[in-house]
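Enquirer: Supplied in structure tokens, the structure appears directly below.
The values are calculated or read from the model by the stated rules, or taken from the named source; none is laboratory data. What you see is a predicted model, and the numbers here were worked out from it, not measured in a lab. Cβ placement follows ideal geometry from the backbone for every residue including glycine, while neighbour counts extend to all protein chains displayed. Side chains included, ligands, DNA and RNA excluded: accessible areas come from the protein's heavy atoms. Shrake-Rupley method; radii C 1.70, N 1.55, O 1.52, S 1.80 Å.
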Amino acid sequence: MADYLFYTYFEEGREYFVYKDLTFERSHKKEKDFPFLESLLRFTYLDIWPMENLFKKMDKALLNFYRERDADSRGIVMSTLEELAKKHIYFEFLRFDWQARFRNAEQHPDDVQEILPHKQLRHIPSDLDTLQKQIMRLFQDVLDIDDGKKRPVHEKLQAYLDKEKREPLYAYQFRPISTIYERTGNGTFAEVLHPTSISDLVEFSLRECVKREQRMRICSYCGKYFAIPRRNTAEFCNLTVDENGHTCREVGAVKRWAEKKNSDELFKEYRREYKKRFNWIKAGKISPGAFYAWSAAAKGKRDECAAGKMSFDEFKEWLSEF
Ligand SMILES: [Zn+2]
């Protein structure tokens with residue numbers, strides 16, 4: 001029996017994680033909640049390779065533990081898992097799971113290698129790498145609302161799953177998980193998952209976002225996928241935070257405003273020059289042919305500038321030369 005509590009559920013646009021160590025009477029029940037899909041998105045973009053050494057360290061400590069059954073080796077594994085738990089809520093589950101495994105191993109000294117499978121930890125970085133790519137392809141092929149395809153989600157999902165036949169490991173394969181319909185901390189009822197592995201947690205979120213036909217979009221600022229609510233036209237995510245603590249939504253809004261201000265000035269400048277030269281025709285300073293040739297060229301330059309291929313100062317310089 002597990003000597004801890006760890007469960008998760010979705011409610012009213014948020015996801016909840018509740019956990020508690022049951023071996024200490026005084027341990028508190030902890031609850032964390034995030035906007036829907038945030039934990040899966042953070043997991044999908046988790047930079048796992050810089051953490052590879054942590055997994056190697058645990059692998060080595062476990063092999064040593066098989067031989068020595070020593071507190072030091074166990075300590076190395078558990079303190080490393082604590083470090084990982086700070087990086088992502090799914091690793092918080094991993095920490096509880098392995099803590100329970102060590103306790104279980106004490107009761108069953110003959111089965112230590114089965115209860116504490118070192119390869120399971122050792123393979124996490126490469127397993128996660130594969131999983132991250134599969135999830136990303138699911139967002140791209142099935143849920144991306146900017147993909148220009150008008151096909152229904154279930155058709156796109158079938159096409160995504162079928163690709164697996166031609167390209168092994170391309171698509172995420174849905175698998176069974178066991179959930180319970182029960183009362184949550186908020187007093188209402190929801191489908192609740194008591195995970196037995198990290199893949200259970202991934203499956204639970206992924207299944208939910210496909211069921212909801214969750215619309216996904218690439219953030220125009222950081223280039224990562226984020227979930228957008230219905231009837232929302234958000235262009236920037238609220239997930240990535242820069243070194244000053246500002247989200248893409250905050251930084252992006254300012255950037256858009258500055259761009260718009262620039263483009264307003266650009267069009268004003270173009271119109272002013274256009275009118276000036278148009279009046280030259282009446283004054284006989286320029287032929288209509290020369291004017292239209294100029295206006296076509298100026299319009300081209302104006303659009304180049306609006307597209308960011310040329311600076312506003314360069315555009316003004318060009319205008320002054322002709
Ligand atoms: Zn972003």
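Enquirer: Quick one: ranking 57, 163, 268 by accessible area, 1.4 Å probe, largest first, what do you get? List each step's numbers first, then the result.
Expert: On the way: 57 95, 163 75, 268 125 Å².
Solvent-accessible surface, decreasing: 268, 57, 163.
Enquirer: Between beta-carbons, use under 15 Å as the cut-off and find the net charge around residue 240, counting Lys and Arg +1, Asp and Glu -1. Intermediate values should be presented prior to the final figure.
Expert: Working: positive: 42, 217, 224, 249, 255; negative: 38, 47, 235, 242, 243, 250.
Spelling it out: positives minus negatives among the neighbours equals -1.
Enquirer: Could I ask something else about it? Excluding ligands, DNA and RNA, what is the solvent-accessible area per residue of the chain at a probe of 1.4 Å, expressed in Å²? All intermediate terms of the calculation are to be shown ahead of the outcome.
Expert: Values: 18700 Å² over 322 residues.
I get 58 Å² per residue for this part.
Enquirer: Hey, another quick one. Explain nothing, just the number: dipole magnitude of the chain about its Cα centre with +1 on each Lys and Arg Cβ and -1 on each Asp and Glu Cβ, in debye rounded to the nearest 20.
Expert: Working: 57 positive and 54 negative charges, 406 e Å.
So the magnitude is around 1940 debye.
Enquirer: Turning to a different aspect of this structure: Summing +1 for each Lys or Arg and -1 for each Asp or Glu, what net charge is found among the other residues whose Cβ lies under 14 Å from the Cβ of residue 222?
Expert: Taking every Cβ under 14 Å from that of residue 222, the sum is 0.
Enquirer: Quick one: putting +1 on the C-beta of Lys and Arg, -1 on the C-beta of Asp and Glu, what dipole do you get for region 248-321 around its Cα centre, in Debye to the nearest 20?
Expert: On the way: 18 positive and 12 negative charges, 80 e Å.
Magnitude of the dipole: close to 380 debye.
Enquirer: Sticking with this one: Short version: ³J(HN,Hα) in whole Hz for each residue of region 39-46, in order, from phi by Karplus 6.51 cos²θ - 1.76 cosθ + 1.60 (θ = phi - 60°), x for Gly and Pro, what are they?
Expert: 3J(HN,Hα) across region 39-46, in whole Hz: 5, 5, 5, 5, 5, 5, 9, 5.
Enquirer: Now for a separate question. At a 1.4 Å probe radius, which order do 217, 122, 183 fall into by accessible area, largest first?
Expert: Numbers: 217 40, 122 70, 183 155 Å².
The ranking, largest first, comes out as 183, 122, 217.
Enquirer: Okay, moving on. Please list the non-local residues whose amide H lies under 5 Å from the amide H of residue 177, H modeled 1.01 Å from N, same-chain partners needing a gap of 5 or more.
Expert: none
Enquirer: For region 17-32, just list the computed ³J(HN,Hα) in residue order, Karplus coefficients 6.51, -1.76 and 1.60, θ = phi - 60°, integers in Hz, with x standing in for Gly and Pro.
Expert: Ordered by residue, 3J(HN,Hα) equals 10, 10, 8, 7, 7, 8, 7, 10, 4, 8, 5, 8, 6, 9, 9, 10 Hz.
Enquirer: Moving on. Can you give the net charge of the other residues whose Cβ lies under 12 Å from the Cβ of residue 188, counting K and R as +1 and D and E as -1?
Expert: Numbers: positive: 183; negative: 11, 12, 182, 191.
Surrounding charge for residue 188 is -3.
Enquirer: Starting at the first residue of region 4-16, write each ³J(HN,Hα) from the Karplus equation 6.51 cos²θ - 1.76 cosθ + 1.60 with θ = phi - 60°, in whole Hz, x for Gly and Pro.
Expert: My calculation for region 4-16 gives 8, 10, 8, 9, 9, 7, 10, 7, 6, x, 10, 10, 10 Hz in order.
Enquirer: Further, regarding this structure: Looking at the calculated P(r) for region 53-170, what percent of the C-alpha pair distances fall above 18 Å? Could the numbers behind the result be given before it?
Expert: Values: 4183 of 6903 pairs.
Within region 53-170, distances greater than 18 Å cover 61 percent of Cα pairs.
Enquirer: What is the ratio of the Cα radius of gyration of region 1-85 to 2.2 N^0.38 Å, with N the residue count, to two decimals?
Expert: On the way: Rg = 16.4 Å, N = 85, 2.2 N^0.38 = 11.9 Å.
For region 1-85, the normalised Cα radius of gyration comes out at 1.37.
Enquirer: Suppose we flag GluC sites (Glu not before Pro) only when DSSP calls them loop and at most 11 other Cβ atoms lie within 10 Å. Which is the longest uninterrupted stretch of the chain? Could the numbers behind the result be given before it?
Expert: Working: sites that count: 12, 25, 243.
My reading of the result: 26-242 is the longest stretch.
Enquirer: Once Lys and Arg get +1 and Asp and Glu get -1 on their Cβ, which of 178, 126, 37 lies farthest toward the positive end of the dipole of region 4-179?
Expert: 126
Enquirer: Any number yet on Rg/Rh for region 68-129, C-alpha, Kirkwood? All intermediate terms of the calculation are to be shown ahead of the outcome.
Expert: Details: Rg = 11.9 Å, Rh = 12.3 Å.
Rounded to two decimals, Rg/Rh equals 0.97.
Enquirer: A further question follows. Between residue 180 and residue 244, what's the calculated FRET efficiency when r is the beta-carbon distance and R0 is 51 Å? Round to 0.05. Don't jump to the answer; show the numbers that get you there.
Expert: Values: r = 43 Å, r/R0 = 0.84.
Rounded to the nearest 0.05, the efficiency is 0.75.
Enquirer: Oh, and also: Quick check: convex hull of the Cα atoms in region 139-264, volume per residue, rounded to a whole Å³? Could you put the intermediate results ahead of the total?
Expert: Working: hull volume 24.5 nm³, N = 126.
In region 139-264, the Cα convex hull volume per residue is 194 Å³.
Enquirer: Which percent of Cα-Cα pairs in the chain sits in each 10 Å bin, short to long?
Expert: Reading the bins upward from 0: 5, 19, 23, 19, 13, 9, 6, 4, 2, 1, 0.
Enquirer: Report the convex hull volume per residue for region 248-321, counting only C-alpha atoms, in Å³. Before the final figure, lay out the partial values.
Expert: Values: hull volume 5.5 nm³, N = 74.
Expressed per residue, the convex hull around the Cα atoms of region 248-321 is 74 Å³.
Enquirer: Further question: Sorting 7, 292 by accessible area (1.4 Å probe), largest first, what list results?
Expert: 292, 7
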